[in-house]
Amino acid sequence: MRQATYPIDSFFLERVSSRAFSEERLSNEELFSLFEAARWAPSSYNNQPWRFVFAKRGTPAFDTFFNALVDFNKQWTKNADTLVLIVTKNNFEHNNEPSMTAPFDTGAAWMSLALEARLKNIIAHGIQGFDYAAIKAKLQIPDTFSIQAMVAIGKPGNIENLPSDIRSKETPSERKPLSAIVSEAVFSFT
């Protein structure tokens, strides 16, 4: 079991990004409860710059998302119920000026989604390994938006069904010590 340096709720230590999905389907209520949690994330000026585009397995849209993935990620996402593209609106709505915190705010929404998934025993695994330009073109996403990540969502499956090289990665990962990420008054990082 993971160990925290300071007291925190075990919920944070138990959250993992598994790759083992079952083929069990999510109901719309289960899926949309994740988006609902994301909707309530904080954002600068309450701008709410996050956008979620989703595709359910078995649809042509899922194939579009799936085909943009690198081969490694295709191995384990094939059983996911839903693939979600997380996109950020780059400018504030109230004045159309660039929002420096838009990606940060979108990250807060993603974390809210991931934590709600954990509460509901649903896997939400963030993905960087896909062709950003191809999916942006395919979905006709304007340049006023930036793609942040993709997420595979679904019910937990049997780790034994994963290829052995992926199965070996299915252990809770550790984190850097606080001294590597926190510094008082000076920037002391390399």
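Of the residues making up the stretch 108-128, those that are under 9 Å from the mean Cα position of the chain (by Cα), buried (at least 18 other Cβ atoms within 10 Å of the Cβ) and under 27 Å from residue 46 (Cβ atoms) are 110, 113, 114, 124.
Just so you know, in the stretch 160-171 the residues that are within 19 Å of the chain's Cα centre (by Cα) and surrounded by 10 or more Cβ atoms within 10 Å (Cβ to Cβ) include one that is modelled with the highest pLDDT, and it is 166. Just one of the listed residues (76, 110) is touching a Lys or Arg at 6+ places or on another chain (Cβ under 6 Å), modelled with pLDDT of 95 or more and not polar (S, T, N, Q), namely 76.
Confirm whether residue 81 is surrounded by fewer than 14 Cβ atoms within 10 Å (Cβ to Cβ), acidic (Asp, Glu) and either touching a strand residue (DSSP E or B) at 6+ places or on another chain (Cβ under 6 Å) or farther than 24 Å from residue 121 by Cβ (or both). Don't jump to the end; show me each part of the working.
Numbers: surrounded by fewer than 14 Cβ atoms within 10 Å (Cβ to Cβ): no; acidic (Asp, Glu): yes; either touching a strand residue (DSSP E or B) at 6+ places or on another chain (Cβ under 6 Å) or farther than 24 Å from residue 121 by Cβ (or both): yes.
Answer is no for this residue.
Only one entry of 33, 17 meets the criterion of being of a type in the set (Ser, Thr, Tyr) and in a helix (DSSP H, G or I), and that entry is 33. Scanning the stretch 129-159 for residues that are of a type in the set (Phe, Trp, Tyr) and within 16 Å of the chain's Cα centre (by Cα), we see that the one that is nearest to residue 169 (Cα to Cα) is 130. Confirm whether residue 38 is in a helix (DSSP H, G or I), of a type in the set (A, V, I, L, M, F, W, C), within 16 Å of the chain's Cα centre (by Cα) and farther than 14 Å from residue 150 by Cβ. Considered against the rule, which asks whether it is in a helix (DSSP H, G or I), of a type in the set (A, V, I, L, M, F, W, C), within 16 Å of the chain's Cα centre (by Cα) and farther than 14 Å from residue 150 by Cβ, residue 38 comes out as yes.
The values are calculated or read from the model by the stated rules, or taken from the named source; none is laboratory data. As the structure is a computational prediction, the values presented were derived from the model and not from experiment. Here the Cβ is made from the backbone with ideal geometry for all residues, glycine too, and neighbour counts use every protein chain on show.
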